[in-house]
Amino acid sequence: MRNFKLTLCYDGSRYRGWQRQGNTENTIQTKVEELLSRLLEQKVEIAASGRTDAGVHARRQVCSFHAETEHSTEFMLTELRKFLPEDIGAVSLEEAPTRFHARLSCREKTYLYRVWNSTAPNVFERKYLYAFPETLDLDAMRRAAALLLGEHDFSAFCTDPRMKKSAVRTLTDIRIEEAGGELRLFYTGNGFLYNMVRILTGTLLEVGRGQRSAESVLAALESRDRSQTGFTAPARGLTLWEQAY
């Protein structure tokens, strides 16, 4: 049995997210697994570094799977590129050590949230940006971001009320960059809760427009109460950017 590391990129606009679901075949995991299973003539199940939500994109999504096959990685990669939908791309495929697991071996992930902070139209990138033309205080947003770094219980930044596992996560970096009319928010941490990055973004945007103070994010964090944090920014602005192993 061989172990493989597959790196994908995808436009999540028309999918119901990464994870295989019982009520729809329109997920990225389902599309990739079905193609690999046909190609290798066996049932293939893949694990990913993280589960992206409906409408969320990935510049780099690392996956792993086991298969009994004599096919070369070059052949398999060529076939994946040939038959995957045009909005899912196979970036690379290589044989991995036996114990490698895309999620369990991952040390850190980085997400990018893109905000179009301009009144000018951005027609061609509208599916990958959240249009938010209000004036923003970036210094206040950066002060608030700094208070969120470190190990915390991020229950207030999660929209899954049924979650029973620990909500403790560590954020090592939140970086806010300007690029013309675009604002880019990079989040790096050892793990992220359901909708966590989108709620962090909504909260920071509320700080930026003066709706809440930078210091208020600490009280919101400590409350562990979703109602104390900001709005959930739309999925289309979010991209899984990279992983560290």
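The values are calculated or read from the model by the stated rules, or taken from the named source; none is laboratory data. Keep in mind that this is a model prediction, so the values were computed, not measured. Backbone-built Cβ (ideal geometry, glycine too); neighbour counts: all protein chains shown.
For segment 50-68, which residues satisfy the criterion of being surrounded by 18 or more Cβ atoms within 10 Å (Cβ to Cβ) and under 15 Å from ASN3 (Cβ atoms)? VAL62, CYS63, SER64, PHE65, ALA67 - these are the residues of segment 50-68 that are surrounded by 18 or more Cβ atoms within 10 Å (Cβ to Cβ) and under 15 Å from ASN3 (Cβ atoms).
Within segment 137-148, the set of residues being touching a strand residue (DSSP E or B) at 6+ places or on another chain (Cβ under 8 Å) and either among the hydrophobic types (A, V, I, L, M, F, W, C) or not assigned by TED's automatic domain parsing to the domain that holds LEU221 (or both) comprises LEU138, MET141, ALA145, ALA146, LEU148.
Name the residue, out of ARG38, ARG51, ARG59, that is at pLDDT 95 or above, outside the structural domain of LEU185 (by TED's automatic domain parsing) and closer than 23 Å to GLN243 by Cα. Step through it out loud before you land on a result.
Numbers: ARG38 fails: closer than 23 Å to GLN243 by Cα; ARG51 fails: at pLDDT 95 or above.
Being at pLDDT 95 or above, outside the structural domain of LEU185 (by TED's automatic domain parsing) and closer than 23 Å to GLN243 by Cα holds for just one of ARG38, ARG51, ARG59, which is ARG59.
Applying a threshold of 6 Å to beta carbon distances and a minimum spacing of six or more residues, or different chains, the list of pairs starting in segment 62-85 at a residue that is under 17 Å from GLN29 (Cα atoms) and ending at one that is loosely packed, with under 13 Cβ neighbours inside 10 Å reads HIS66/MET1. Of the numbered criteria (1) in contact with a helix residue (DSSP H, G or I) (Cβ under 6 Å, 6 or more places away or on another chain); (2) among the aliphatic types (A, V, I, L, M); (3) modelled with pLDDT of 95 or more, the one VAL197 fails is (1). Any idea which of GLU178, GLU242 is surrounded by fewer than 15 Cβ atoms within 10 Å (Cβ to Cβ) and not hydroxyl-bearing (Ser, Thr, Tyr)? Within the list GLU178, GLU242, the selection yields GLU178. The residues listed here are GLU125, GLU134, GLU151; of these, the one that is under 20 Å from the mean Cα position of the chain (by Cα), in the same structural domain as TYR187 (by TED's automatic domain parsing) and over 21 Å from TYR15 (Cβ atoms) is GLU151.
Just one of the listed residues (LYS5, LYS31, LYS82) is touching a Cys at 6+ places or on another chain (Cβ under 8 Å) and of a type in the set (Lys, Arg), and it is LYS5.
Does ALA233 meet the test of being touching a Gly at 6+ places or on another chain (Cβ under 9 Å), among the small types (Gly, Ala, Ser), modelled with pLDDT of 95 or more and buried (at least 18 other Cβ atoms within 10 Å of the Cβ)? Steps first, answer last, please.
Numbers: touching a Gly at 6+ places or on another chain (Cβ under 9 Å): yes; among the small types (Gly, Ala, Ser): yes; modelled with pLDDT of 95 or more: yes; buried (at least 18 other Cβ atoms within 10 Å of the Cβ): yes.
Criteria met by ALA233.
Within segment 1-35, the set of residues being modelled with pLDDT under 95 and among the β-branched types (Val, Ile, Thr) comprises THR24 only.
Do we find that GLU134 is among the charged types (D, E, K, R), in contact with a Lys or Arg (Cβ under 7 Å, 6 or more places away or on another chain) and either touching a residue at least 40 places away in the same chain (Cβ under 8 Å) or surrounded by fewer than 16 Cβ atoms within 10 Å (Cβ to Cβ) (or both) in this structure? It is true that GLU134 is among the charged types (D, E, K, R), in contact with a Lys or Arg (Cβ under 7 Å, 6 or more places away or on another chain) and either touching a residue at least 40 places away in the same chain (Cβ under 8 Å) or surrounded by fewer than 16 Cβ atoms within 10 Å (Cβ to Cβ) (or both).
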